[in-house]
Amino acid sequence: MKGDTVKQKFILAAFLALISTASFAQTIVASKHDLSTGGGITDKSTNESQVCIFCHTPHQKTITATPLWNKTLSSNATYGVYASSSSNATLTEVGSGGTVSNLCLSCHDGTVAVNSLDNKSSIGANPTMGTGTELDATGKIAATRVTIIGNSLTNDHPINFTYDAALVTADGGGLVSPTSASYVDAAHAVPLYAGKLQCASCHNPHNNANTSFLRKANSGSALCLTCHSK
Amino acid sequence: MILTNSKILFRSVWFMILLNTVSYPQILQSKHNLSITGPGTIKATGEQEVCKFCHLPHRNVKVVPLWDHNLSSVTYSQYTSSTFSASYQSQYPNLSSKLCLSCHDGTIAIGSMSTGNIAVSGTGNLDPDQSLAGSASSNIGGSTGALLSDDHPISIGLPHFSATQYNCSGCHYPSSGDKVPMECVRCHDPHNESKDVVTKKFLKKSNSSSALCLDCHKKTYWVTNPSIHQQSTKSLPVGWSHNGYTTVATSGCESCHKPHSANSPARLLKENEQILCEACHKGITNGGITEKNVSASSGGPFIKLYKHPTYSIDNKHRPVNASPATNSPTESSADVSTPNRHAECGDCHNPHAAKSGLHTTKTNATSNVLSGVWGLEPTDVSNWMQPTSFTRIDPASKEYQICFKCHSYYGLGTTTTGVTTIIGPSGTNITDQAMEYNVNNFSAHPVKVGSSSQTGSYSPKNLLSSQMSTTWNSVGSQTMYCSDCHGNDQATSATVPQGPHGSNYKYMLTGTAKYWPANAAGYLWTVRDIKNNLNNWQTNLFCVNCHPIYSGGTWMNNVHAKGNHQGSTVYCITCHVVVPHGSKRSRLIGYQSDPAPYNYNGTGNAKLLTIGFKKEVSPNNYSDNNCSFSSRGVCHGVQTPPSGSYDQ
């Protein structure tokens, strides 16, 4: 029955390709993370057409953070951590840290202007941004926006904790056991960073296909249930 | 080889089933999946996400556990009962339970989130504002949303309960220091509806035979000396079960109790006490139950002429914690005295301990049906004085200890004569039975102690065994129940209970013969009735149930044999007390000076006449001078005692 297997593989591959095509088609370009003159927000830049520069730079005397980070980091040293009697995770303060989440917070804690860059590119200065909708007059994310996490993480889903089998055991049945220190799930939709859950575990800053830059569609709370076995 | 479409389909389906079995989250299959794809009647009209009806990953106003549903501002009532000794936390309810109540008190729309409203629909279960309707089974707040007083208590504070009655480990885990406090989530897991596959209701574990309840409740007798209620495999009456379990044993606590919206809130009873009990104890087959009939609604003993006031007096039973340390309920003297006199099922029966079984003879030891009920043992005083000091016996070891709760100083108050002003159902004044059975009395039926141990009785203390029926011939050592004389007028059967519930005969007299002190026609019994075989004395004269008096042509003592005593106007109650529990005189003789109802106080000889009596060494040794009277012309007239003095 070898033919069967081959055919099945083909059918499966075709199916996967179809799914892949749908989700890979969308990129950062023209999304809300595209702050350039062609970007997807109202208060986009009026004079900077490069997309990646708002976060990344290929060359710089001093790269402040990986991956080739170009954005001024927040100086907030204390975000605090989420605390709950039913949580068994050990949370580490993110403030002044070098985690991938600090990169997100360099815009989303609302303390640093989105156009505050290390490498100013050809303009020679920080790009000029629109104001009044997503951004305030100083270029920070406006305080009224839902995208503001703020400078406290005590009322947000916990991040910067090790998510491993030990945690799953301690939790006593409410969590799915991660497949590795790099991914929670076998489909590799939800990544871990050195075994830790970070902003980027749920969010993919380069792809807004699922809205809110979610790693996968949350219909039926599928993203939540990737980890939470409720 | 060509793989057919049907084969592909079959394999895909099989694969999907496998996936579901392994990892399909329980929340999605539960009624708490309020998304448009949820399985319940209440669900979103468009929203596809599940978690967001409660949780939000960022910027939560309520912080833990990332809560987003708007909270209710209702001030809730609190469960209370006289046996509830705990306090409540200053924050009542605790935030944990407020989260649940944000939907389940029925005041807030199901989709009312801090981030905006999610539209939901739910035929018949939602009010127009999309909050839970008062009629929805999951609404525990009642019509106002504030009604938690008929629900199991939550947010219990310190000090709470004793380790005698509760398992600390039900909420506190010594190993980890963690705890699941007595909040909604102690019993419910909001993310999994079917851990108890029978009850569902998001119970935290299977509650078969009340395993969940028993995590915390260490109900006296229930586990260690279980009641038939803990073990019975009989089916509950049709429509009675509210938790899906169908037998008395598997429904367990919830055969009688209801943790939410209980109709009789104190102790969370499903119904008012007697209505609750008669659901099963009704003498008719309903479901798998055919129990003895104690109901008033289907012809049981409580509709008869003379009865305990179980159905007529309600809301007087007020058990309180005798001691918070043991949490054992009792009632104070005031709780059982006028105006609070009452007799609820629970005064005589403990449903956590009661077992089936009939009375046996020659004992006063508490029978199975009275297991686990507390009682009173009086501290006896001198002859015909009223005991006013009692020791609480829990459980009562003797039946009379249960009766004494109401039929003694404890429930009657002070009386110097034994007679109270309370008129009983039979029309006579109720008397103090602890006084009547005082072991220092000159005579008493062997209800408390065998006749040999009746301290106050002069020798010979006992009747001869030949003076007794064969059932009751262990004279001296044998004891008896109150309910050997007082009980149902019907013979015991599968549907007819024993016990003094009710009877159509005065004083609830039971046995073959049920008339005292007068016969069926209302005429006072005489020795002449026996001598001349009148008025069906052999089957109607109450005393002969145990005391043959005259058998095989022989009188059992020479007093009854005396011709002068066999006249038509020499009544039993001319010499003996009408209430033959006990007497200040030997052999239940009464004196002229004794008050009613001991003294019949009728006209002519229909009253006590003796003023001096002396017991003889043998039943056939009596002569005129054993009894003395006030003057010549009254019976034997004035006599001098044969030896010593009267009053012996």
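Derivation of every value follows stated rules applied to the coordinates shown; laboratory data play no part. Quantities reported herein were computed from a predicted structural model and do not represent experimental measurements. Note that each Cβ is placed from the backbone with ideal geometry, even for glycine, and that neighbours are counted across all protein chains shown.
Given R₀ = 51 Å, what would the calculated FRET efficiency be for A:Ala137 paired with B:Lys205, taking r from the Cβ atoms and rounding to 0.05?
0.35
So which of A:Lys196/B:Lys205; B:Lys282/B:Lys405; A:Lys216/B:Lys201; B:Lys200/B:Lys270; A:Lys216/B:Lys200; B:Lys398/B:Lys514 end up more than 29 Å apart, counting from Cα to Cα?
Flagged as over cut-off: A:Lys196/B:Lys205; A:Lys216/B:Lys201; A:Lys216/B:Lys200.
Say we join alpha carbon atoms closer than 10 Å with springs in a Gaussian network model of chain A; which of A:Ile123, A:Ile148, A:Ile53 then has the biggest fluctuation?
Result for chain A, Cα springs under 10 Å: A:Ile123 fluctuates most.
What spacing in nm lies between the two simple spin-label points modelled at B:Asn315 and B:Cys168, each 7 Å away from Cα in the Cβ direction?
4.0 nm
Explain nothing, just the number: dipole magnitude of the protein assembly as shown about its Cα centre with +1 on each Lys and Arg Cβ and -1 on each Asp and Glu Cβ, in debye rounded to the nearest 20.
My answer is approximately 1540 debye.
Calculate one ³J(HN,Hα) per residue across region B:519-529 by plugging θ = phi - 60° into the Karplus curve 6.51 cos²θ - 1.76 cosθ + 1.60, and present them in order as whole Hz with x for glycine and proline.
Karplus values, whole Hz, x for Gly and Pro: 7, 4, 8, x, 8, 5, 5, 10, 5, 4, 4.
Report, as an integer, the average count of C-beta atoms from other chains found within 10 Å of each Cβ along A:222-229.
Mean partner shielding for this stretch: 5.
Scan around A:Leu175 for amide H atoms under 5 Å from its own, H built in the peptide plane at 1.01 Å from N, and keep only partners 5 or more places away or cross-chain.
Placed amide hydrogens put A:Ser229 under 5 Å from A:Leu175.
At what distance in nm do the modelled label points of A:Thr169 and B:Asn601 sit from each other, each positioned 7 Å from its Cα along Cα→Cβ?
8.4 nm
Among the DSSP beta bridges whose two residues both lie in chain B, what percent are antiparallel, rounded to the nearest 5?
95 percent
What is the sum of charges around A:Asn76, taking Lys and Arg as +1, Asp and Glu as -1, for the other residues whose C-beta is under 15 Å from the C-beta of A:Asn76?
-1
Can you give me the Cα centroid spacing of region B:91-118 and region B:272-319 in angstrom?
42 Å
So what's the angle, to the nearest 10 degrees on a 0 to 90 scale, between helix A:2-24 and the longest Cα principal axis of chain A?
20 degrees
Near the amide H of A:Glu134, under 5 Å away, which other amide H atoms are found, from residues 5 or more places off or on another chain, if H is placed in the peptide plane?
A:Thr42, A:Asp43
Compute the angle between helix B:5-23 and the longest alpha-carbon principal axis of chain B, please, reported from 0 to 90 degrees and rounded to the nearest 10.
60 degrees
Report the relative contact order of region B:529-618, percent, no decimals, based on alpha-carbon pairs under 8 angstrom and at least 6 residues apart.
Values: 96 pairs, mean separation 18.2, N = 90.
Relative contact order of region B:529-618: 20 percent.
Checking the cross-link filter: which lysines have an alpha carbon closer than 24 Å to that of A:Lys140, excluding same-chain neighbours under 8 positions apart?
Of all the lysines, those that pass the test against A:Lys140 - Cα under 24 Å, at least 8 places apart if same chain - are A:Lys32, A:Lys44, A:Lys71, A:Lys120.
If you rank A:Ile28, B:Ile549 by fewest surrounding Cβ atoms within 10 Å, what's the result?
Result, fewest neighbours first: B:Ile549, A:Ile28.
Long-range amide H contacts for B:Ala518: which residues qualify at under 5 Å (H placed 1.01 Å from N, peptide plane, sequence gap of 5 or more or a different chain)?
B:Trp525
Going 7 Å from the Cα of A:Thr46 toward and past its Cβ, which residues in region A:90-120 have a backbone nitrogen under 17 Å from where you end up?
Backbone N within reach: A:114-116.
Determine the relative contact order of chain A: mean sequence separation of Cα pairs under 8 Å and six or more apart, normalised by residue count, in whole percent.
Values: 390 pairs, mean separation 39.5, N = 230.
Relative contact order for chain A comes out at 17 percent.
Distance between the C-alpha centers of region B:471-528 and region B:140-201? Whole Å please.
50 Å
Calculate one ³J(HN,Hα) per residue across region B:257-264 by plugging θ = phi - 60° into the Karplus curve 6.51 cos²θ - 1.76 cosθ + 1.60, and present them in order as whole Hz with x for glycine and proline.
9, 9, x, 10, 6, 6, 5, 10
Considering only C-alpha atoms, what is the centroid distance from region A:160-213 to region B:542-604, in Å?
So the two Cα centres are separated by 94 Å.
Going by a ≥ b ≥ c, the root eigenvalues of the Cα gyration tensor, does chain B fall in the rounded group (a/c under 1.5), the prolate group (a/b larger than b/c) or the oblate group? Provide the component values of the computation, followed by the final result.
On the way: a/c = 3.33, a/b = 2.73, b/c = 1.22.
Prolate, since a/c reaches 1.5 and a/b exceeds b/c.
Enter the angle in degrees (range 0 to 90, nearest 10) between the Cα long axis of helix B:95-104 and the first principal axis of the Cα atoms of chain B, meaning the one along which they spread out most.
With both axes taken from Cα atoms, the answer is about 90 degrees.
So what is the calculated 222 nm ellipticity per residue for chain A, using -39500 (n - 2.57) for each DSSP H run with n of 4 or more, over all residues, to the nearest 500 deg cm²/dmol?
Roughly -6000 deg cm²/dmol at 222 nm, from the helical runs in chain A.
Which one, A:Lys61, A:Lys120, A:Lys196, has the greatest fluctuation when you compute a Gaussian network model over chain A with C-alpha springs under 10 angstrom?
With Cα springs under 10 Å in chain A, the top fluctuation among A:Lys61, A:Lys120, A:Lys196 is at A:Lys61.
What is the order of B:His547, B:His407, fewest Cβ neighbours within 10 Å to most?
Least to most surrounded, the residues fall as B:His547, B:His407.
In which sequence would B:Glu271, B:Glu377 go, from the one with the fewest C-beta neighbours within 10 Å to the one with the most?
Result, fewest neighbours first: B:Glu271, B:Glu377.
Go ahead and estimate [θ] at 222 nm for chain B from helices alone: -39,500 (n - 2.57) per DSSP H run with n ≥ 4, summed, over the residue count, rounded to 500.
Theoretical 222 nm ellipticity from helices: -3000 deg cm²/dmol.
Per-residue HN-Hα couplings for region B:545-553, Karplus 6.51 cos²θ - 1.76 cosθ + 1.60 at θ = phi - 60°, whole Hz, x for Gly and Pro?
So the J values, rounded to whole Hz, are 4, 10, 9, x, 6, 9, 8, x, x.
Evaluate 2.2 N^0.38 Å with N set to the residue count of region B:517-648, then give the Cα radius of gyration divided by it.
Computed over Cα atoms of region B:517-648, the ratio equals 1.01.
Decide, for region B:546-585, between rounded, prolate and oblate: order the square roots of the alpha carbon gyration tensor eigenvalues as a ≥ b ≥ c, take rounded if a/c falls under 1.5, and otherwise choose prolate if a/b is larger than b/c, else oblate.
oblate
If I model a spin label as a point 7 Å beyond the Cα along the Cα-Cβ vector, how far apart are those points for B:Asn440 and A:Ala194 in nm?
Computed distance between label sites B:Asn440 and A:Ala194 equals 8.9 nm.
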